[in-house]
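Engineer: The structure is given below, and queries will be raised subsequently.
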Amino acid sequence: MKALKCSATLLVITMAAILTSCISIAPPDEPGAYHVGEYSISYNVSDYGTYEATVRYPAEEDGQLASVDDSAAPYPGIIVSSGRGGGEWSVSWISEHLVSHGYVTLAFTPPDMFCNSTTQWAAGFIGGIQQLKLQNSDPSSPVYGLIDTETFGVIGLSMGGGGCLEAAGTANSGVDAAVPLAPAGYNSSHTTATMNAAANISVPVQLQIGSADTFVPPERVLPFYTDIIPDTTTKQYIEINGGNHIGFLTWNFAEIAVLFEIEPEISIGFEEQRRISSRYFTAWFQYHLKGLKGYDRYIFGDDAVELNVSVFEYNIGQ
């Protein structure tokens, strides 16, 4: 009788595990269930100055200071940044997409948008984490009590990507997972700090690059994965076939960049590049910040490879 009872218990546990694994999860490359509320703030970082920022959060409807949706609070925080010459508005789609999947984001514009030091961006990421903590503890803040102040991610493009790496490799930065998009900073005299910090990264990091990027070509990004970020770190390298640098921008800024011949339009289309990018970075954060293991199918193994991804590698650290 005892053996039968144990077998029945094991069967129940096994069935529960199967049902849990079958529960559908929101596709990471489609908008999530939440609306997006937002408001503006600024914060100061010594040595650099004032960072202008937009805080976005899960809401009952879209818009400025929209009513908070706290149905699944507290939400992890993610700091977002564009690159040289850009502001938070030029990658606003990233913040909006992540918020729709249940994150509070702070997207910043650095004091000097044309600065050649990724450390200015790294300071913005680290300072942004502190700002979200302050916003969470301030009773007058729209996101008061809404944020999981123990869990933060960072994502940035170009110089913002280099700063993202630098912040992730800085001791006590508060970063728990990172996604640098076309990160600047490899083998360049003014970004030595990025390479030094990348060698100290111990949190999960996902590198994304477009194969046709003329500003930060793949050969300047792949060495971060192969040679600099330690193999003891969980890391991933994704090369979007046909993607380029401006393809990571919000659609209207990407189109403007084409008009000014900053970089040509790409064969797969900017919308497709953003879809692929969001598929991987959203799954990365869902898996590593929220612990939603069902997202592993989107980021690990052969089944995770997209049609338009030409290079896909990953290393599960210890």
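The values are calculated or read from the model by the stated rules, or taken from the named source; none is laboratory data. Please read all numbers here as calculations on a predicted model, not as lab measurements. Counting neighbours? That spans all protein chains shown, and the Cβs are built from the backbone with ideal geometry, glycine included. The area values use the complete protein model at the heavy-atom level, side chains included, leaving out ligands, DNA and RNA. Shrake-Rupley method; radii C 1.70, N 1.55, O 1.52, S 1.80 Å.
Engineer: Residues of the stretch 68-99 being in contact (Cβ under 8 Å) with a residue 40 or more places away in the chain and either part of a strand (DSSP E or B) or out of contact with any Ser or Thr (no Cβ under 9 Å at 6 or more places or on another chain) (or both), which ones?
Structural biologist: The answer is VAL68, ASP70, ALA73, TYR75, PRO76, GLY77, ILE78, ILE79, VAL80, SER81.
Engineer: Give all pairs with beta carbons closer than 6 Å in which a residue from the stretch 285-303 that is farther than 14 Å from VAL203 by Cα meets a residue that is open to solvent by less than 50 Å² (accessible area, probe 1.4 Å) and of a type in the set (Val, Ile, Thr); count only pairs at least 6 apart in sequence or on separate chains.
Structural biologist: GLY294/ILE25
Engineer: With respect to ALA177, determine if the residue is at pLDDT 95 or above and touching an Asp or Glu at 6+ places or on another chain (Cβ under 7 Å).
Structural biologist: No, not satisfied.
Engineer: Quick check on the stretch 58-73: of everything there that is out of contact with any Pro (no Cβ under 7 Å at 6 or more places or on another chain) and within 17 Å of ALA107 (Cβ to Cβ), which residue is surrounded by the fewest Cβ atoms within 10 Å (Cβ to Cβ)?
Structural biologist: Result: GLN64.
Engineer: For the condition within 15 Å of the chain's Cα centre (by Cα) and not acidic (Asp, Glu), what is the one hit in ALA168, ALA199, ALA193?
Structural biologist: ALA168
Engineer: Among residues belonging to the stretch 202-228 that are acidic (Asp, Glu) and within 13 Å of ALA182 (Cα to Cα), point out the one that is surrounded by the most Cβ atoms within 10 Å (Cβ to Cβ).
Structural biologist: Only one residue fits best here, namely ASP213.
Engineer: Within the stretch 88-137, which residues are of a type in the set (Phe, Trp, Tyr), farther than 13 Å from TYR48 by Cα and surrounded by fewer than 22 Cβ atoms within 10 Å (Cβ to Cβ)?
Structural biologist: TRP89, TRP93
Engineer: Would you please list the contacts, defined by Cβ atoms under 7 Å and residues six or more apart or on different chains, that run from a residue in the stretch 46-66 that is touching a residue at least 12 places away in the same chain (Cβ under 8 Å) to a residue that is open to solvent by 90 Å² or more (accessible area, probe 1.4 Å) and outside any strand (DSSP E or B)?
Structural biologist: ALA66/GLU60
Engineer: Separate question: Restricting the stretch 74-85 to residues that are open to solvent by 10 Å² or more (accessible area, probe 1.4 Å) and within 24 Å of ASN116 (Cα to Cα), which is farthest from the chain's Cα centre (by Cα)?
Structural biologist: GLY85
Engineer: Please pick out the residue among LEU207, LEU157 that is in contact with a Leu (Cβ under 6 Å, 6 or more places away or on another chain), at pLDDT 95 or above and closer than 27 Å to GLU306 by Cβ.
Structural biologist: Criteria check complete, one pass: LEU157.
Engineer: Follow-up. Within the stretch 245-293, take every residue that is part of a helix (DSSP H, G or I) and of a type in the set (Val, Ile, Thr) and give me the one that is farthest from ILE94 (Cα to Cα).
Structural biologist: Among them, the one singled out is VAL258.
Engineer: If ASP231 meets every condition in (1) open to solvent by 10 Å² or more (accessible area, probe 1.4 Å); (2) farther than 24 Å from ILE201 by Cα; (3) not aromatic (Phe, Trp, Tyr) apart from one, which number is that one?
Structural biologist: Going through the list (1) open to solvent by 10 Å² or more (accessible area, probe 1.4 Å); (2) farther than 24 Å from ILE201 by Cα; (3) not aromatic (Phe, Trp, Tyr), ASP231 breaks only (2).
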